[in-house]
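Before any comments, here is the structure.
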Amino acid sequence: VSSVTAALAAQRPAWEALLRIPSVSGPGGDPGEVAASARAIAEFLRAAGAEHVEVLEPPGGLPAVVAQAAGPPGAPAVLLYGHHDVVLPGPPEAWTSPPFEPTVRGIRLYGRGTADCKWSIAVMAALVAAHGGRPPVTLRLLVEGEEEVGSASLPWILGERPELAGSDVFVILDGANPRTGTPGLATSFRGRLTCVVDVRVLRGPVHSGAGGVVPDALAVLVRLLASLHDEDGAVAVPGLLRGRPAGEDPGDLGAVLADAGALPGVRVTGRGTVAERRGLGPAISVLGMDVPAIEDSTHVLHPAARARLEVRLAPEQPLADAQTAVEGHLRRQAAFGAHVIVGFDSRAVAGFRGDPRGVHLSALAAALTAEFGRGAVLSAEGGSVPAAGMLAAHGPVLVPGLAEPEAREHGVDESISLADLDALTRGLARYLDGLASPAGS
Ligand SMILES: [Zn+2]
């Protein structure tokens, strides 16, 4: 276990070189940089002692890296999953240090991709190198390049390399800790749908002197969006499920608001604990609207208006049922006979619900507790990780992480705690040792 600390330290300069590559997968990113990132990761894993290192190029997708480090014959196989794509950093001048120049301040390392999710690659390499490429269990490594854009190529990757899904345990290195210094394990992720709702009331623009008789599409759209939540701000769409807590941390509502940077007097939405509202319940957010800009607006009733909605789903909600529920609600609630067209994005993400009492989860929780010196906290996560839902069909899925609220994933000044990176890697090494030689054997 202590040798992983040395391996992490030795690999640090090479790992920081990976953080300098702006591997943005979404709009505004350069696919050439994602490809360069994949090549650099392949080299990095090879240098750590991994075998069968390959860059896979999914048709129409972005490159992923797969590799292996074989354990003794008959040893269990563990898939370690991570991703090397990142989201745009936003204006570089908003950052304290440049987003693609990894910089240490205190115990934290700052830079885009530190918390989400290039630490996963550091962990993989350290676990391989610590055992000279011969770990106590077989490690299969998968670093994909499309997590931030919905993991559309992941089914293709799993089809090309069937041994990946044939592993005994799946460890997704893309979770979160509740606080710096406290280990967390995600027991669920929500599903996610996005759709564009298009409201039409007129054949074309009309003089606003007709207002009072003739409806305008903007007002109808705003009223329709208001119908998605009740007076407490809880989702009011019939048919969207709410999960029941099963031992997850209930969370602290005030801390969540504070971490989000809520302004004085701003209150929480919904009902129940943080786990019930954010982890296990549905949420609907308005991501964008096509509306006239105020400075261009004039005395006209608008014929049509559109909004893009994001719907986060209870972990166990089937995607098709959720689509039907959302579309049905939007059509039923349209005022004044407005025509409503709902178009769903094809990149929906299924939710994931693990077993909070599973033996692997308990073993990893114990290992993390030992290495952090603080009890591991089980959490129902509000985000969506496509790989979790896909891999859960093949075996137990474990989701340790590093991205605490302080990490500001997707935000400005993203960072990780280097102390926690070390403790997490040691915890995983301890868990893998236990898996290789279960107590009593
Ligand atoms: Zn992300």
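The values are calculated or read from the model by the stated rules, or taken from the named source; none is laboratory data. Small disclaimer: the values here were computed from a predicted structure and weren't measured. Note that each Cβ is placed from the backbone with ideal geometry, even for glycine, and that neighbours are counted across all protein chains shown. Heads up: the accessible areas ignore ligands, DNA and RNA and are worked out on the full protein's heavy atoms, side chains in. Shrake-Rupley method; radii C 1.70, N 1.55, O 1.52, S 1.80 Å.
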If I fit a long axis through the Cα atoms of helix 2-19 and take the longest principal axis of the Cα atoms of the chain, what angle between them do I get, 0 to 90°, rounded to 10? 50
As a test of the definition: which semi-axes, in Å, follow for the stretch 242-371 when you take the square root of five times each eigenvalue of its alpha carbon gyration tensor? Largest first, please. 38, 21, 13
Let's see if you can work this out: charge +1 on each Lys and Arg Cβ, -1 on each Asp and Glu Cβ, no other charges. What is the dipole magnitude of the stretch 115-250 about its Cα centre, in debye to the nearest 20? 80
Rh (Kirkwood; distinct C-alpha pairs) - the stretch 165-204, Å: 15.2
Once the Cα gyration tensor of the stretch 352-414 is found, what semi-axes does its equivalent ellipsoid get, as square roots of 5 times the eigenvalues, in whole Å, sorted largest first? 22, 19, 8
If the chain between S97 and A419 were fully stretched, how many nm would it gain, using 0.36 nm times the residue separation less the Cα-Cα distance? 113.9 nm
Computed over the Cα atoms of the stretch 87-139, the Rg and Dmax in Å are 15.0, 46
In Å³ and rounded to a whole number, note down the convex hull volume per residue for the Cα atoms of the stretch 66-207. 212
Net charge of Cβ neighbours under 12 Å - reference A338; Lys, Arg +1; Asp, Glu -1: +2
If each of H394 and A10 carries a label point 7 Å out from its Cα toward its Cβ, how far apart are those two points in nm? 3.0
Taking placed amide H atoms and a strict 5 Å upper bound, the residues 5 or more places from H302 or on another chain that come that close are A217, L218
Quick one: pull the percent of accessible area on the stretch 290-441 belonging to carbon and sulfur, 1.4 Å probe, ligands and nucleic acids left out. 51
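Reported to two decimal places, what Rg/Rh ratio describes the chain when computed on Cα atoms with Rh from the Kirkwood expression?
1.01
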How far is it, in nm, from the label point at A152 to the one at D355 when both lie 7 Å from their Cα along the line to the Cβ? 3.6
If I model a spin label as a point 7 Å beyond the Cα along the Cα-Cβ vector, how far apart are those points for D30 and I107 in nm? 3.6
Multiply the residue gap between A366 and E295 by 0.36 nm, knock off their C-alpha separation, and tell me the result in nm, one decimal place. 19.7 nm
Degrees between helix 359-372 axis and first principal axis of the chain (Cα, 0 to 90, nearest 10): 80
Convex hull over the alpha-carbon atoms of the stretch 306-440: what's its volume per residue in Å³? 152
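So for the stretch 1-117, Kirkwood radius off the Cα pairs, Stokes-Einstein at 20 °C and 1.002 mPa s: how many µm² s⁻¹?
Roughly 136 µm²/s, to the nearest whole number.
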Using every alpha carbon pair in the stretch 130-229, what percent of pairs falls into each 10 Å bin from 0 up to the bin containing the largest distance? 9, 23, 22, 15, 13, 12, 5, 2
Packing-based order for 234-241, 205-212, 178-185, using average beta carbon neighbours within 10 Å, highest first: 178-185, 234-241, 205-212
With charges set only on the Cβ (+1 for Lys and Arg, -1 for Asp and Glu), what does the dipole of the chain come to about its Cα centre, in debye to the nearest 20? 660
Extension gain from R46 to E163, taking 0.36 nm per residue of separation minus the Cα-Cα distance: 40.2 nm
Could you compute the FRET efficiency for A335 and R267, with r as their C-beta to C-beta distance and R0 at 25 Å, rounded to 0.05? 0.35
Where the Cα pairs of the stretch 323-369 fall when distances are cut into 10 Å bins, in %: 20, 26, 16, 17, 15, 7
Cα convex hull volume per residue for the stretch 192-282, in Å³, equals 167
Per-residue accessible area for L202 at 1.4 Å probe radius, Å² rounded to 10? 40
Please give the helix 31-48 orientation as an angle from the longest Cα principal axis of the chain, in degrees from 0 to 90, rounded to the nearest 10. 20
Can you compute the helix-only [θ] at 222 nm over the chain? Use -39500 (n - 2.57) per DSSP H run of at least 4 residues, normalise by all residues, nearest 500 deg cm²/dmol. -9000 deg cm²/dmol
